[in-house]
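Here's the structure, in structure tokens; my notes come after.
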Amino acid sequence: MILLPSLSSLFLPEFLHFNFAPDWIIEIISPDQNANKVIGKILHSLQHGSKLGWFLDPSDRSILVFQPNQQPILMANSDHLPSLEIIPLELTVEAIFSWLKMES
């Protein structure tokens, strides 16, 4: 589940706002975004209960994996990505980027 608090606050009435972190947060950086701000969202979520975070960087086709109380791990190519235990997936970095439509 990916929550977009800034968008939800624009369109949802006050009583529908969520005050919890998703179990898994996935962020894809775009060329006009600041990497530290995007990584900051992942770190904030981890501090508030998220179990897994992926930071996708299409410019070098890498994924930085975040898990609570661990150092981030930089993954690329055929590296197998961790997923949540309740969602047993066998994914590689190559597979993720093959699904994304990116302009050259």
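The values are calculated or read from the model by the stated rules, or taken from the named source; none is laboratory data. Quick caveat: nothing in here was measured; it's all calculated off a predicted structure. Glycine also receives a Cβ, built like all others from the backbone with ideal geometry; neighbour counts cover every protein chain displayed. Accessible surface is based on the protein model in full, side chains and every heavy atom, while ligands, DNA and RNA are left aside. Shrake-Rupley method; radii C 1.70, N 1.55, O 1.52, S 1.80 Å.
The residue of the range 17-40 that is farthest from residue 96 (Cα to Cα), among those that are touching a helix residue (DSSP H, G or I) at 6+ places or on another chain (Cβ under 8 Å) and either open to solvent by less than 100 Å² (accessible area, probe 1.4 Å) or at pLDDT 80 or above (or both), is 17. Among what's in the range 75-92 and is within 13 Å of the chain's Cα centre (by Cα) and not small (Gly, Ala, Ser), pick the residue that is nearest to residue 23 (Cα to Cα). By that ranking, first place goes to 84.
Considering only residues that are under 23 Å from residue 33 (Cβ atoms) and charged (D, E, K, R), look in the range 59-93 and name the one that is surrounded by the fewest Cβ atoms within 10 Å (Cβ to Cβ). The selected residue is 60.
Report whether or not residue 96 is in contact with a strand residue (DSSP E or B) (Cβ under 8 Å, 6 or more places away or on another chain) and either of a type in the set (Val, Ile, Thr) or part of a helix (DSSP H, G or I) (or both). So residue 96 fits the description; yes. The residues on offer are 56, 43, and the sole one that is open to solvent by less than 100 Å² (accessible area, probe 1.4 Å), outside any helix (DSSP H, G or I) and either within 27 Å of residue 19 (Cα to Cα) or at pLDDT below 95 (or both) is 56.
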